[in-house]
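These notes are about the structure you will find just below.
Bear in mind that the values in this text are calculations on the coordinates, not laboratory data. This structure is a prediction, so every number in the text was calculated from the model and none was measured. Here the Cβ positions follow ideal geometry from the backbone for every residue, glycine too, while neighbour counts run over all protein chains shown.
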Amino acid sequence: MSGAARRTERSNREPKVSAILLAAGLSTRFGSPKQLAELEGDALVRRALDMLERSPVDEVVVVLGHRASEVGKVVFGAKARVIFNEEYKSGMASSIRAGLAALGRDSRAVVICLADQPLVSPRLIGRIVSRWRSTGADVVASSSQGLVSPPVLFSRRLYHELAKLRGDRGAKVVIERHPDFETVPVRGGALLDIDSKEELLLAQDALRRLALRRPARARADDGP
């Protein structure tokens, strides 16, 4: 059964889960559009999108901003809904709001993901979605060494709070308002957020070590 067929079958019997892929940032610290930085021959934004399309979410919205025409060419042809955030210079919150506005009306939860976390896997997204389905929690966050990090799932009950975000703090402030949130533990390094060329090299090394440890099928399904 194809991925699209599985998503259709799943959406007919379970609440719909969406994903927002944030790819609008200015990449100030990186020095060039990190969405387009390549890892194993693929741009980071394309790797993130391909990962989400292999994960158990029912729709994906990609939010573009800085250098949108170039980034858009990389994601062209994807099944995801690709939108442009005109307010991207004001910070991450505007991209979250734009992504929320583009979700389907039947969305019951959304996983907010970053385009610069190349070690996040479809399996991790699946664990997050499964935890939400089993607990009904308003927030399910990834956690490594006690620190909470994207990807983070928010139930529809919190969409109104996300829609009020402003500036560049992202959704952390919403998580802080709900201290009883669920977490999905992830081993160290898997939530690496690329902000520098050095961190891109770290991700490259991690993927190389993974390739030596696992058979091809496990690499595709699980990630680090």
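Points to keep in mind about this one:
- Computed helical MRE - 222 nm, the chain, DSSP H runs ≥ 4 contributing -39500 (n - 2.57), nearest 500: -10500 deg cm²/dmol
- A convex hull fitted to the Cα coordinates of the chain yields 121 cubic angstrom per residue.
- Mean Cβ count within 10 Å, highest first, over the residues of peptides 66-78, 133-145: 133-145, 66-78
- Rounded Å value of the spacing that divides the Cα centres of segment 127-186 and segment 43-112: 18 Å
- Kyte-Doolittle mean at least -1.0, axial Cα span of 15 Å or more - DSSP H helices of the chain: 122-135, 197-213
- The chain, relative contact order [Cα under 8 Å, separation at least 6], %: 23 percent
- In a simple Cβ point-charge model (Lys, Arg +1; Asp, Glu -1; nothing else charged), the chain has a dipole of about 480 debye relative to its Cα centre.
- In sequence order, segment 23-30 has phi-based couplings of 9, 10, x, 7, 6, 4, 6, 6 Hz under the Karplus curve 6.51 cos²θ - 1.76 cosθ + 1.60, θ = phi - 60°, and Gly or Pro positions carry x.
- The protection proxy used here, the mean number of other Cβ atoms lying within 10 Å of each residue, ranks peptides 24-30, 118-124 as follows, highest first: 118-124, 24-30.
- Segments 52-62, 97-107 sorted - mean Cβ within 10 Å per residue, highest first: 52-62, 97-107
- Selected from Val110, Val63, Trp132, residue furthest toward positive end of dipole (the chain; charges at beta carbon): Trp132
- Those lysines that a straight Cα-Cα span of less than 29 Å connects to Lys79, excepting residues fewer than 8 apart in one chain: Lys16, Lys34, Lys89, Lys164, Lys172
- Signed unit charges on C-beta, dipole axis of segment 3-222, positive-most listed residue Leu22, Ile194, Thr183: Thr183
- Tensor-based shape of segment 104-149 (alpha-carbon gyration tensor, a/c under 1.5 rounded, otherwise prolate or oblate): oblate
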